[in-house]
Structures are given as C-alpha cells and as structure tokens.
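Below is one structure; the comments refer to it alone.
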Amino acid sequence: MPRLAPKPVELEDEEKRELEKILARHSTSQQVAKRAKIILLASLGRNHRDIARELNISRKMARLWRERWCSAFAQIVVFDDWEASLPR
C-alpha cells in the first residue's frame, strides 16, 4: 500500500517571520518553540520522519502539528472568503 505524502505547508513571508520571532524570543516556552520549528521545517518540504529525527520527537507529534497548522489555515481562508462575500 503506498504511503501518502504529508500535506504541504506553504508559509507567506509574514508567517515565516512571525514563527522565526517566536523562536528568537527568550521568553518563548519550549513547547511553543518546538511547534514553531515543526511548522518551519514542514514548510521546507521535510516529511514527518525527518522532522521527528531532527527535533527528537515522535512522528505522531510532527504529523499532529502539521495537521493542526493546515486545519487552522483552512479555517482562516474559509472565514476570509465568507467575510468578503458579505454585503457592505
């Protein structure tokens, strides 16, 4: 049975800068920093296994945060489309 490729994560420049700012802050918790790293690595086209190995986490965790990011982005796009269709 063929394996499915992970969902691609495409970041706009502003999103990438914000994630990098999160990593650069000394006050960022380790959990939040790791999540930001997962998304940044996913945006470079890395698969779950590579991300897991590099960050010393499980593939399940890498997959979870990629899926959460993609899901949240999809909801934002739907909301923006809906909001744009409202009469002014």
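Quick notes
- Full-extension gain in nm, residue 16 to residue 60, via 0.36 nm per residue minus C-alpha separation: 13.5 nm
- Net charge over other residues, Cβ less than 13 angstrom from the Cβ of residue 70 (K, R count +1; D, E count -1): +1
Every number here is computed from the coordinates shown, using simple stated rules; none is lab data. Quick caveat: nothing in here was measured; it's all calculated off a predicted structure. Note that each Cβ is placed from the backbone with ideal geometry, even for glycine, and that neighbours are counted across all protein chains shown.
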